[in-house]
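Please treat every number below as a calculation from the coordinates, not as lab data. Predicted model only: the values in this text are computed from it and were never measured. With ideal geometry, Cβ positions are generated from the backbone for all residues, glycine too; neighbour counts draw on all protein chains shown.
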Amino acid sequence: MDDIPITISIRKIIFENFNDDDLRFNNDQIFEILKQNKIIESSLTIDDMEIYFKELCDSEILRNIAQNFTTQWFKLFESLNKVQCVSCKEDSYLISSENKICQNTSCGSSL
């Protein structure tokens, strides 16, 4: 598994697959991509992922539009933008209202 925080991996998946504020998608779809790409431990369950989706909702990136047991449906408040850090060359996936700070935890430079 990479040392990349799960929320950054989720942001990247959203950017690459669901980056349209009219599109609805769910946590199961993202969870499957995380598992297929071996980004998360195989022992994790969808319930283990809830904190990461909550963090993205609290950051006003995602809005929860429906829920059915463990499946949560989301829409973006606005599309994500990919910004490459000039210091570490890592990509960050941000909405326009977020602080333009590199999401690489070992960098943290202004973007």
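Some points to look at:
- Only listed residue being assigned to a helix (DSSP H, G or I) and within 21 Å of Asn81 (Cα to Cα), chosen from Lys35, Lys54: Lys54
- Selection status of Ile30, among the β-branched types (Val, Ile, Thr) and part of a helix (DSSP H, G or I): yes
- Selection within segment 33-48 - out of contact with any helix residue (DSSP H, G or I) (no Cβ under 9 Å at 6 or more places or on another chain) and under 21 Å from Arg63 (Cβ atoms): Asp47
- Pairs with Cβ under 6 Å, 6+ apart, first in segment 40-67 and farther than 15 Å from Ile8 by Cα, second surrounded by 13 or more Cβ atoms within 10 Å (Cβ to Cβ) and hydroxyl-bearing (Ser, Thr, Tyr): Ile46/Thr70
- Looking only at segment 64-77, residues that are surrounded by 13 or more Cβ atoms within 10 Å (Cβ to Cβ) and over 15 Å from Ile30 (Cα atoms) come to 1 in all.
- Among the residues of segment 34-68, those that are within 22 Å of Asp21 (Cα to Cα) and among the charged types (D, E, K, R) comprise Glu50, Lys54, Glu55, Asp58, Glu60, Arg63.
- Residue that is surrounded by the fewest Cβ atoms within 10 Å (Cβ to Cβ) [pool: residues in segment 1-32 that are free of Cβ contacts under 8 Å to residues at least 24 places away in the same chain and under 19 Å from Ser92 (Cβ atoms)]: Asp3
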